[in-house]
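Working notes, structure below.
Nothing in this text is a laboratory measurement; each read-out follows from the coordinates by a stated rule. These figures come from a predicted structure and were not determined experimentally. For neighbour counting, all protein chains shown are included, and Cβ atoms are generated from backbone atoms with ideal geometry for every residue, glycine included.
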Amino acid sequence: MLPKINPRSTTAWQKLQKRSETLRNKKLKSWFSEDPNRGSEMSLQLEELYLDYSKNRLDRETMELLADLARECRLEAARDALFSGEPINETEGRAVMHPALRAPRNASMMVDGENVVPEVYRVLDKMERFCEAIHSGHKVGYTGKKITDVVNIGIGGSDLGAVMVTEALRAYWMEGIKPHFVSNIDGNHLFQVTRDLDPERTLFIISSKTFTTLETMTNAHSARTWFLDHAGDLSHVKDHFVAVSTNTKGVVEFGIDPQNMFEFWDWVGGRYSLSSAIGLSIALTVGFSSFRELLDGMHAMDRHFQSAPLLENMPVILGMVGVWNINFLHMDTLAVLPYNQYLHRLPAFLQQLDMESNGKSVDRNGHPVDYHTGPIVWGEAGTNGQHAFYQLIHQGTSEIPCDFIGVVDPSHPLPGHHPWLLANLIAQSRALMLGRSREEMEQSGEQVSPQVLPHKVFPGNRPSNTILMKALTPRSLGQLIALYEHKVFVQGILWNIFSFDQFGVELGKKLAVQIHPFLDKKQTDGSLDTSTNALLATIYDWQ
Ligand code: G6Q
């Protein structure tokens, strides 16, 4: 059981409130000029991952108070409960054991009195053999041709992580095999992906924890029809369709041989599942050994999170700084800004991880919260964002904390690009911190008319974190992913909410089931509101 402590009732919360009032007029710029060690002291490193949180509007005393808040909210006990397999997903009655997916073979991680690590390795070993058979050409399509294209059909947690990681690890793609992802029930998605594929060389992975998800099952059935239109005989399905799921019955009913099924378990949440068999498309794309390195990187971060003291613990620090920005400085969004083209799907992945986990307004006692919880997460790869929405980040009325993410070693040979990319990354967080005052403008000697001058003033004092990776490798990417997974956990504990359910996605699904027959029949039954009626009437007219 998780502790159920209202953070506002803690002594630390009251002190943090006072601290935020004391610091209200303090400028980030002055903190840096007063303290020559701020940059190096408010940063920490794990292997080749470096977090600088010094450009946030807080000082060491604030960090100590945040750690007190974490202690009063019993974060360490909650962390122990996570790693010991307690059913901390209380609303669904399940353990939350994604760290077991990347634990070493000889580890022991218990769920319901059973060590789950041997089961994890049974599936990992099966995945490894399967990857090896596909890559070597030992396992081929029904006409004997080598598999060249892998289509993952899944949505949400059964899609976003795999898409993000395969994109991030483009430099590690194996020759001769290409990944594709279909998630949207909009037929355009499957149609566009399959249009140029050769059914004789295509492998479909139907990835669905429940094997009942509308979008995935609709796409899976259409993919099977597309395949059979070419292959003709149902017996060929086994060579071209595999499943990743917890639902053996559903997989068999679909017509996939259980031999071709890669299991995972109900203690793996969808958005925390990329290190399970849901990562099969990753392993097929980058090779099993690179997938293993990704898991090892995640495990390194798991261990760090599990053992490091609160103020030397990267996920804890990132989580606490976020709580400070959201609850004490009242900044409700978080921009994720990776300065690496291959990380372009990271904002979308983190959006789900964070917003589906902590987009909650009822606490663990079942009471409405009277404080803000999960931020609106959004973002884009830099430097594209600079030429789009950074204007608002620099001069808009909303203050937006940013996570800048940079990679020091480029993974391409082109000269002249990378220093500029890094210079932009560093410059942006510095510009946000420093700003530019009217006086600085006047002293700079820049010729600006008095009418234009106010428009050229930058308020500055805008907070950001910077995460540097030496290189974008499977290991460092694994560390980055687990860093954010645990950050989300930390914040959920401090906010006294349940982070591992997602009931908020259900109502819309139920209403879609109610509305679907009205589209078929082209008439409603008078039970709907007038806006919905008018929308349906327009659709009937235009069909
Ligand atoms: C993630 C969510 C959700 C889920 C999808 C797909 O945490 O639960 O995004 O992953 O709805 O579900 P299935 O894997 O069951 O198809």
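Structure notes:
- Applying D = kT/(6 pi eta Rh) to the range 157-241, where Rh is the Kirkwood radius over alpha-carbon pairs, T corresponds to 37 °C and eta to 0.692 mPa s, the Stokes-Einstein value obtained is 236 µm²/s.
- Amide H within-cut-off set for Val336, under 5 Å, with H built and near neighbours excluded: Trp378, Gly379, Glu380, Asp403
- A straight chain from Thr148 to His367 at 0.36 nm per residue would run longer than the Cα-Cα distance by 73.6 nm.
- Antiparallel DSSP beta bridges within the chain, percent to nearest 5: 30 percent
- Built from the Cα atoms of the range 82-201, the convex hull projects on average onto 10.1 nm², one quarter of its surface area.
- In Å, descending, principal axis extents of the Cα set of the range 388-482: 52, 31, 22
- Here the range 78-140 is described by how far its Cα atoms reach on the three principal axes: 46, 26, 18 Å, from widest to narrowest.
- A Förster distance of 51 Å, applied to the separation of the beta-carbon atoms of Ile515 and Glu132, puts the FRET efficiency at 0.65.
- The range 337-453: Cα Rg divided by the 2.2 N^0.38 Å rule of thumb: 1.41
- Karplus-derived 3J(HN,Hα) values for the range 139-146, using 6.51 cos²θ - 1.76 cosθ + 1.60 with θ = phi - 60°, are 9, 10, x, 5, 9, x, 8, 5 Hz; glycine and proline are entered as x.
- Extent along principal axes [Cα atoms of the chain; Å; largest to smallest]: 78, 60, 60
- By the rule of a C-alpha distance below 28 Å, with chain neighbours fewer than 8 residues away ignored, the lysines paired with Lys456 are Lys26, Lys27, Lys29, Lys55.
- Computed log10 I(q)/I(0) for the range 411-541 at 0.15, 0.16 Å⁻¹: -0.90, -0.94, from the Debye equation with unit scatterers placed on every C-alpha and solvent omitted.
- Structure-based [θ]222 nm, the chain - -39500 (n - 2.57) summed over DSSP H runs of at least 4, per residue, nearest 500: -13500 deg cm²/dmol
- Column: log10 I(q)/I(0), Debye, Cα scatterers of the range 210-319, q = 0.11, 0.15, 0.23 Å⁻¹: -0.50, -0.79, -1.29
- Working value for the range 370-413: equivalent-ellipsoid semi-axes of 26, 16, 8 Å, each the square root of 5 times a Cα gyration tensor eigenvalue, largest first.
- Among Pro118, Ala103, Ile147 the positive-end extreme of the charge dipole of the range 93-154 (Cβ point charges): Ile147
- The range 1-56, dipole about Cα centre (Lys/Arg Cβ +1, Asp/Glu Cβ -1), debye to the nearest 20: 600 debye
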